[in-house]
Amino acid sequence: MRQIVLATNNPGKVREFNAALTGYHLEIVPQSAFNVPEIEETGLTFIENAILKARNAAQYTGLPALADDSGLTVDALHGAPGVYSARYAGICADDRLNIVRLLNELRNTPAEQRTARFHCVLALLQHDADPTPLIFQARWEGMITFEPYGSGGFGYDPVFLVLDEGQTAAELDLAVKNRLSHRGQALAQLVKALGTSSDFWNQATVAAMQSTG
Ligand code: ITT
């Protein structure tokens, strides 16, 4: 089993990674198992923040690290909340308060103008000084509803209407969400790339041997 530290403190993401990556000879260990300290997300792009988080976890654990930086962009809000999705209602915000703010910002926006999408960037670093991180990104189109529906998922899922399904992301089974979602699609790219790249693992092994002396 190849061990990778998952550089997230979001239990919703951990659930989705575990479900999507079972059966691939990867042992995905959340960074909480190593007490990795949280790093400030100072980037202006999902890519910068994903690399910051993966590098932090790789540095702390000496393991290859995978990070997910993701968020929602809403056309009527000129792309907000974007990279600030997790803290849209303030630094101490939770999912419920973020949704309250989003629905409030959109209170005068009619149904047809409520187009939005989730973005996911995955960054996989072999070690903390890896100059060639593997980056995978995907998006998932939808519309913002006028009120929340469903109790699954996390974040903005209860207000993210998936048009083809006629349901919000919070009403979908985890397996269905993982097949369609921004994260599921980015993970599928990652699995495909790792399946064809023994090089990644060879370099990660060398880096781990060097860091343990
Ligand atoms: P980590 O940085 O520890 O991974 P985080 O929640 O702070 O956790 P981000 O900075 O990437 O992660 O913020 C992503 C936010 O975007 C997340 O908190 C949700 O509000 C939203 N989001 C991302 N993916 C989502 C999904 O699949 N469903 C609903 N909301 C999602």
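The values are calculated or read from the model by the stated rules, or taken from the named source; none is laboratory data. Note that this is a predicted model, so its numbers are computed, not measured. Cβ: placed from backbone, ideal geometry, glycine included. Neighbour counts: every protein chain shown. Heavy atoms of the whole protein, side chains included, go into the accessibility calculation; ligands, DNA and RNA do not. Shrake-Rupley method; radii C 1.70, N 1.55, O 1.52, S 1.80 Å.
Give me a count of the residues in the range 82-96 that are within 8 Å of the ligand (Cβ to nearest atom) and small (Gly, Ala, Ser).
Of the residues in the range 82-96, 2 are within 8 Å of the ligand (Cβ to nearest atom) and small (Gly, Ala, Ser).
Can PHE118 be described as within 18 Å of the chain's Cα centre (by Cα) and more than 25 Å from LEU6 (Cα to Cα)?
No: the conditions fail for PHE118.
Please enumerate the residues belonging to the range 41-81 that are near the ligand (Cβ under 9 Å from one of its atoms) and assigned to a helix (DSSP H, G or I).
PHE46, ASN49, ALA50, LYS53
So in the range 10-38, with the set limited to residues that are open to solvent by less than 60 Å² (accessible area, probe 1.4 Å) and part of a loop (DSSP other than H, G, I, E, B), which one is nearest to VAL121 (Cα to Cα)?
For the range 10-38, the residue satisfying everything is ASN10.
Kindly list the number of the only condition in (1) at pLDDT 95 or above; (2) part of a helix (DSSP H, G or I); (3) away from the ligand (no atom under 16 Å from the Cβ) that fails for PHE146.
(2)
What number goes with the only condition from (1) out of contact with any Lys or Arg (no Cβ under 8 Å at 6 or more places or on another chain); (2) within 29 Å of ALA33 (Cα to Cα); (3) within 14 Å of the ligand (Cβ to nearest atom); (4) small (Gly, Ala, Ser) that ALA129 does not pass?
So ALA129 meets the others, but not (3).
Return yes or no: is ALA7 open to solvent by less than 60 Å² (accessible area, probe 1.4 Å) and of a type in the set (Gly, Ala, Ser)?
For ALA7, the condition - open to solvent by less than 60 Å² (accessible area, probe 1.4 Å) and of a type in the set (Gly, Ala, Ser) - is met.
Would you call PRO64 touching a helix residue (DSSP H, G or I) at 6+ places or on another chain (Cβ under 8 Å) and either under 24 Å from PRO131 (Cβ atoms) or polar (S, T, N, Q) (or both)?
yes
Just give me the residues in the range 95-121 being part of a helix (DSSP H, G or I) and of a type outside the set (Lys, Arg), in sequence order.
Correct list: ASP95, LEU97, ASN98, ILE99, VAL100, LEU102, LEU103, ASN104, GLU105, ALA111, GLU112, GLN113.
If you take the residues in the range 39-50 that are among the acidic types (Asp, Glu) and farther than 18 Å from HIS182 by Cα, which one is surrounded by the most Cβ atoms within 10 Å (Cβ to Cβ)?
Among residues in the range 39-50 that are among the acidic types (Asp, Glu) and farther than 18 Å from HIS182 by Cα, the one surrounded by the most Cβ atoms within 10 Å (Cβ to Cβ) is GLU41.
Looking only at the range 107-135, how many residues end up being open to solvent by less than 20 Å² (accessible area, probe 1.4 Å) and in contact with a strand residue (DSSP E or B) (Cβ under 6 Å, 6 or more places away or on another chain)?
Result for the range 107-135: 9.
Scan the range 22-48 and report the pairs whose first residue is farther than 16 Å from ARG2 by Cβ and whose second residue is open to solvent by 70 Å² or more (accessible area, probe 1.4 Å) and hydrophobic (A, V, I, L, M, F, W, C), with Cβ atoms within less than 9 Å and a gap of 6+ or a chain change.
GLU41/ALA86
Six or more apart or on different chains, Cβ under 7 Å: which pairs go from a residue in the range 73-88 that's without any contact (Cβ under 8 Å) to a residue 40 or more places away in the chain to one that's assigned to a helix (DSSP H, G or I) and within 10 Å of the ligand (Cβ to nearest atom)? Could you list them?
Close Cβ pairs satisfying both conditions: TYR88/ASN98; TYR88/LEU102.
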